[in-house]
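See structure below.
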Amino acid sequence: MVRALTVNIGAASLERAELLLNWLAGRQEDVLLLTETSAGAGTAFLLERFRRAGYDVVKTPDDGDRGAALVSRIPLADDQPDWFDKVSIPGRIAAAALDTNPRTWFVSVYVPSRDRSADKTTRKETFIGSLLAVLRNLPAEQHDHLVIGGDYNVIGADHRPLHPGFLPFEFGLLETLHAEGFLDAHRHCQPDVQAYSWIGRTGAGYRYDYFHVGRALADRIRGSAYLHQVRTDGLTDHAAVQLDLDVTASRLPCGNPAGPETIALF
C-alpha cells in the first residue's frame, strides 16, 4: 500500500513551517504533495529537513512565485518526466516517476487563484488550459498511471452549495479531468459526501483540494479522507487530503525530519 497526502502550506513562515514539520513527520504517508510553497524561509526549512532525513524532494524553480513541491520516501525512478515544462507557469507543478509496482507518476499542482481582474483571470485560465493540454497528450502508460493532487482553486459544477462567481473554465478543469478518464478519488470512495477543504470568512465550505488518478489505478483506490486537524490547529488554512493506493513499493531508509538535530539554514 502506498499512502499519499496533499496539503496547501500557505507560504508558511519559518515558525509555522516548524509546526507543520512536526505534524507531517508524525504521519505515515509515503508521498507528500505540498502546494502554495514559496521562496521564503519556511518552505526552504521544510524541504531541507526532509531532504536531510533521506527523502527525495522535487521542487521546480518558481521565480519567486508560489509553487508546488513533492516529497517522497519511495525512490524516484530513473526516467523522470519533463512534460510539465510546457505549462504556462512551470513552478506551479512538481512531478516525479516513483519506483512502484505498477509504475506511478505523481504530480503536485497548485492552480493560481484569481480575483475579478482581467489579468489574474487570464493567468488562471491560461494555466488550466496548458495543464489540460499536457495531460491530454501524455503517452497512454503515463496518462493512465498518473496521480494528480493539490490545490486546484476550483469547485465542481455540482458543488453544494454552488457558490457564485466561478467561471466556465474553472468548472471545466474537473469536467475535463473526468472526460480524460481521471477519477476523483474521494468522490469514488464517498460519492454522497460533499467534502470541503477551505472555509471562507462566512463559514461557507469550498472543496479546493483534490486527488485524481488515472484509469489504470481506479480499482486500486483503497481510501481517501479530508483531514481537518491541520486546519483547525492553525497550521494552514486548508484541510489536507489523504489517498491510499494498492500498489507496492520499497522505501528509502529515511530518518525523522523533525528529529532532535538542529540544522542551521539561515
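Where a number appears in this text, it was derived from the coordinates with a stated rule and is not lab data. None of these values were measured; they are calculated from a predicted model. Using ideal geometry, Cβ is built from the backbone for each residue, glycine included, and neighbour counts are taken over all protein chains shown.
In the chain, with Lys and Arg counted as +1 and Asp and Glu as -1 at Cβ, which of these residues, 249, 225, 163, has the Cα nearest the positive end of the dipole, that is, farthest along it?
163
For the residues 127, 211, what sequence is obtained by ranking on other C-beta atoms within 10 Å, fewest first?
127, 211
Using only the Cα atoms of the stretch 1-139, build the gyration tensor, take square roots of its eigenvalues as a ≥ b ≥ c, and label the shape rounded, prolate or oblate: rounded if a/c is under 1.5, else prolate if a/b is larger than b/c, else oblate.
The shape class here is oblate.
Which of rounded, prolate, oblate describes the chain, given a ≥ b ≥ c as roots of the alpha-carbon gyration tensor eigenvalues and a/c under 1.5 marking rounded, otherwise prolate only if a/b is larger than b/c?
Verdict is rounded for the chain.
If you find the alpha carbon centre of the stretch 223-247 and of the stretch 167-199, how far apart are they in angstrom?
Using only Cα atoms, the two centres lie 16 Å from each other.
Suppose only helical runs count, i.e. DSSP H with n ≥ 4. What mean residue ellipticity at 222 nm does that imply for the chain under -39500 (n - 2.57) per run, divided by all residues and rounded to the nearest 500 deg cm²/dmol?
-7500 deg cm²/dmol
Can you run phi through the Karplus equation (6.51, -1.76, 1.60; θ = phi - 60°) for the stretch 237-245 and list ³J(HN,Hα) in whole Hz, with x for Gly and Pro?
So the Karplus estimates, Gly and Pro as x, are 9, 10, 6, 8, 10, 10, 9, 10, 10 Hz.
Of the candidates 202, 100, 122, which one comes out as most mobile in a Gaussian network treatment of the chain with C-alpha springs shorter than 10 Å?
Of 202, 100, 122, the most mobile in the Gaussian network model is 202.
Take the alpha carbon gyration tensor of the stretch 126-185, find the square roots of its eigenvalues, order them as a ≥ b ≥ c, and report rounded if a/c is under 1.5; if not, report prolate when a/b exceeds b/c, else oblate.
Cα axes put the stretch 126-185 in the prolate bin.
Got the relative contact order for the stretch 180-266 handy, in percent, Cα pairs under 8 Å and 6 or more residues apart?
Relative CO of the stretch 180-266 lands at 26 percent.
Specify the residue with the greatest mean-square fluctuation among 96, 68, 216, computed from a Gaussian network of the chain linking alpha-carbon atoms under 10 Å apart.
Checking each option, the largest mean-square fluctuation is seen for 216.
What is the dipole size for the stretch 2-246, taken about its Cα centre, with +1 at each Lys and Arg Cβ and -1 at each Asp and Glu Cβ, in debye to the nearest 20?
It comes to approximately 440 debye.
Pick out which of 224, 197, 250 has the largest mean-square fluctuation in a Gaussian network model of the chain, springs linking Cα atoms closer than 10 Å.
Among 224, 197, 250, the largest mean-square fluctuation in the Gaussian network model of the chain belongs to 250.
Mind listing the long-range amide H neighbours of residue 211? Cut-off is under 5 Å, sequence gap 5 or more, other chains count too, H placed in the peptide plane at 1.01 Å from N.
Distant-sequence amide H within range of residue 211: 185, 186.
How high is the relative contact order of the chain, given as a whole-number percent (alpha carbon pairs under 8 Å, six or more residues apart)?
23 percent
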